[in-house]
Each structure stands twice: as C-alpha cells, then as structure tokens.
Amino acid sequence: MNTIKLALPKGRLMAETASLFDRAGWGLKDYREGTRSYRLTCEKFPDLRAKIFHERDIPVQVAVGNYDLGICGLDWVEELMAKYPSAALVRLRDLAYGEGAVYAVAAEDGESSSLETLRGGRDTVRLVSEYPNLAESFALRLRLRRFSVFPLWGAAEVYPPESADLALMPAKEADAPFNHGLKAVDTVLRYSACLIANRDRWQSKDLSDILQAIEEAAQALPALRRPESSPASSDRRPLPTVTRQPSAENQVRLALPDGHQQPHTVALLNKAGIHIKDYPSPTGNRRPQAEEIPGLCVKVIRPQDMPMQVAAGNFDLAITGEDWLRDHQYQFPSSPVVGLVDLSYGRVRIVAMVSNDIPVSGGDELRELWSTRRETIRVASEYTNIADKYARENHFGRYRIIPTWGASEAFLPEDADLLIDNTETGRTIARHNLKVIDTLFESTGHLIGNKDSIADAAKRPTVQSMIDALRKAVEI
C-alpha cells in the first residue's frame, strides 16, 4: 500500500483549498470551516491520509518528513527556509489563490518613516513580526547597523512607533494602505498558496497520481479567484482613527488582551472602576482610551506576547494568563517580569495528555513505559518552555520539543507522543480520543508588571492605584 500523507491548512486558506478539492471530486469529508475533525478520509484516493494543521506548522511537518505533501502560504515556507535553508522542502506549484504580501510598515508620523532614515540612523532599529526569520533577513539585506527582532504571535501593527520602528506583517494588496496610522515602506515578500513536498519523499515515493490530480484540479483555479471588480476591501468595516498619546516620563503603558479573554477583562476592569473606551472595539481599534486615568496609555496585543514585551520595557503592566507568564519565566529565570495580582478569571488547567490507546493512566506509568524505548520522545506544545521543563523534571531522556501554533490536539498520536496544552472543560480532549495523565498547574488571568516600572517614582502612583483597584475588585 502506497500511503500518502497530506497536510492541509485551516484558517485563511481553508475555504479556497476545500473548493479546489471539491471541484476535483476528491470527496475530502469534513474539510470545511468549523470542522471538529482533523483527520480526513478521501473517497477518490482511499490510501491518502490527510490532516488539518495550523498553516504555520505545515512547512515544518513536511520538512521533517511527517508528511509527504502540504498546502500552505509561501510566506510560511520562506519563514522556515530563511532560518533553515537546507530544509528538505521542495516547492512544487503556485496554486494562485490566497495572494498577499508581507510588508515592512512604519508609522506615518514616526521618526523612522523611511528606509533611508533607518539605514542612516545610529540607534538600534527595532523590528517586530510573526515572521522573525524574515525580519532578520530583511534587516541584513538593508544593512542596518544595529537591529533587534522581537518575535510576535500577532497584532504587529500596533507596535510602531512607540514599541518598534518597523513591523513586518501580511496583508492583501487591497487592504493597503494600512489602518493604525501606518504606511508600507517596502514589500518584503509576495505570496500565495503553494503545494510543497518533502524532498526525500518526492524523489523516492510514487506521488504521481496525487500530483497529477492536484495539477488537473489547479487548471480551474482562475475561476476560484475574486473578480477584479469586487475587491476584498469592499465590505471592510470603517477603520478607527488613531490617537497616540505623547510620551511622558510618568506615562504608564498597559497591555490588554485581545481574543476570547476580553469580556472577562472588561468585566473586571469595570468592577475596579477602570473604564476603557472602545475596548473591545467593533472596528478593530487596538489603542483604546483610558480617559479617566491621566498618564495611562493602553494597547491591545496578544496575551502570548505580553511577558516578553513587559520584560523589554515596552509595557509597564499587562493582563495575561499565568500560563504565558510561567512559560516566559522558565525560559528567562532572571526576567524583570513579575506577577502582581491573581485576577481569578479565565481558569484553565495546563495538562499533559496522550492518546487513549496508550496503556497508562499517570506520569509515573508513562515514564516506566518510555524507559524501554530507544526512540526520541516527541513532546508537542504551544508552551515550549513549560513542556521542556516538564520533560526534564520527569527524566524523559531523549526527547524533542515540537512547537505548535494551534490545533495542537491534532498532533497526537501520529506526529507527537505527548501534548502539553490547556483545557477548560475537557470536551475537546475527549472528542479527539486523548486523555489527561498529569496536571501541571492551574492558570488564571494575572496582572503582571516590570520590576523597574514598579520601582519608578514617577510611575509608582499610577501603577499602585491599578494594583489596588484590581486587587479590591477581585476580593469583592
């Protein structure tokens, strides 16, 4: 049996990729938005094994040989190749949908609003991006004298000019110029969806039937693209007006979370008498106003990025989960970031889980089972430093941490042996035939801060008032 493994994307490319295979009559059951199944069967090719991944994970999974073929954006392929140019990847075909570009953007009213200014400056140029490897390559290509790159999980557009000089971020051409008072100063990379293969499998395995079927399906791709008269921006919501607060010595910079934690955060802030205007924002504004607190500057960023950004001094305070605080502290034990107030919401358990098919019920039994194995134990997690600490403390011997960017439960059991993840109800775990063998700790929302900011005499009154107000709100 010539089993072929195919990695397919969720998210931005999912609808058009599903349309491609529907037109080709593949019969990929359950490949659609909102699916709860990550493993797909194919009516046309019974020996095909397809799995859904976060798009960023696909080039890695193909490069290491876990999958023969994959479909993802060229941007994530180039992000991997920028750091690992000898990775075992072959780009087979541009699929001509999902077009966009990675732009280098700067604040329109910032001091570093042109590449010439950045090249000629003597200060360190700060770059932020979901594409840290492309950002480093871009800085080297520009021959910047000094630069630093801050990796992000997202929301790069909110960092310039206060917290970064340049942000590398993806966008469709119809979505430029950007909101948030930004302008594109260079195009780093143009991309679209592409078909990739593992180089060794492409040379040694018979993929001809699958590749021919994809090629035939791709001939109809122009019909999948939006007509030029109906640009993607035609139904966009009104963009917010950006109001930046001038920098001041006593200004306290607060980071608030985006995503599903916003309702809990708003409820607690209101309870504490801290009212943030336009948070959450129906227009996507990431710079809400705290009009009742003079000197408080607020930005909305990803919770995963907060500990590093607070440590770097870009924010004085932030509201994030204890899970992300611990992951940061495990990597940087001397970090200036500290937990200030347990906000007692967003409670989840950080757990170790395995496939239900593994005959163990706890961590001790798992160690005993693996003590006889010679293979490297694969530990998948978004919490790479928590996972590494758990593996070391449990004396796993030979192990490898596999970073994931979402849909982590899909990795077990084929692509990982153990998963470190969070769970609230346990329903997702049961649905994917997994079981919890260990609970590492419970995580809740926390107010975190930078030690230097807390000790700063000019900022201390505002910082302390925030701490006191939130602590009182939690105790009520």
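All of the numbers you see were taken from the coordinates with simple rules; none came from a lab. For clarity, every value in this text was computed on a predicted model and none was experimentally measured. When we count neighbours, we look across all protein chains shown, and the Cβ atoms used for this are built from the backbone with ideal geometry, even at glycine.
Size check on the chain: the Cα extents along the three principal axes, sorted descending, read 71, 59, 41 Å. Considering only beta bridges that DSSP places wholly inside the stretch 348-443, some 60 percent are antiparallel. Seen against the Cα atoms of the chain and their longest principal axis, helix 384-393 is set at about 80 degrees. What lysines sit close enough to K5 to cross-link, taking a C-alpha to C-alpha distance under 16 Å and skipping anything fewer than 8 places away on the same chain? Here the lysines satisfying the reach criterion relative to K5 are K29, K44, K51, K205.
Take every DSSP beta bridge with both residues inside the chain and express the antiparallel ones as a percent of the total, to the nearest 5. About 60 percent, rounded to the nearest 5.
For the chain, the longest principal axis of the alpha carbon atoms and the long axis of helix 322-331 meet at an angle near 80°.
Neighbours of D209 by Cβ distance under 13 Å: Lys/Arg scored +1, Asp/Glu scored -1, total -3. Residues whose amide H lies under 5 Å from that of E130, counting only those 5 or more places away or on a different chain, are L152; hydrogens are built 1.01 Å from N in the peptide plane. Between amide H atoms placed 1.01 Å from N, distances below 5 Å from Y191 occur with G100, A101, V102, all of them 5 or more places distant or on a separate chain. Under a 5 Å amide H cut-off, with hydrogens placed 1.01 Å from N, K5 pairs with R49, D68, L69 among residues at least 5 apart or on other chains. Its Cα gyration tensor gives the stretch 100-190 an equivalent ellipsoid, and the semi-axes of that ellipsoid, as √(5λ) in whole Å with the largest first, are 18, 14, 12. Seen from Q304, the other residues with C-beta closer than 10 Å to its C-beta sum to a net charge of -3, counting Lys and Arg as +1 and Asp and Glu as -1.
Beyond 23 Å, the tail of the calculated P(r) for the stretch 348-443 holds 13 percent of the Cα pairs. Helix 74-83 axis versus longest C-alpha principal axis of the chain: approximately 80°, rounded to the nearest ten. Starting from the Cα of T117, move 7 Å in the Cα-to-Cβ direction to define the label point; list residues of the stretch 180-222 whose amide nitrogen is under 20 Å from there. Once the point is set 7 Å along Cα→Cβ of T117, 180-188 turn out to lie under 20 Å by backbone N, inside the stretch 180-222. A simple rule links phi to the HN-Hα coupling: the Karplus curve 6.51 cos²θ - 1.76 cosθ + 1.60 with θ = phi - 60°, which for the stretch 3-19 gives 6, 10, 10, 10, 9, 10, x, 9, x, 4, 9, 5, 4, 6, 5, 4, 5 Hz, with x for Gly and Pro. Could you tell me the calculated FRET efficiency between D109 and R431, based on Cβ-Cβ distance and R0 = 45 angstrom, to the nearest 0.05? Computed FRET efficiency for D109 and R431: 0.35.
Just round it to a whole percent: the fraction of Cα-Cα distances in the stretch 16-155 exceeding 23 Å. Of all Cα-Cα pairs in the stretch 16-155, 49 percent lie more than 23 Å apart. Rounded to 0.05, the FRET efficiency of the D342 and T283 pair, given R0 = 41 Å and the Cβ-Cβ distance, is 0.80.
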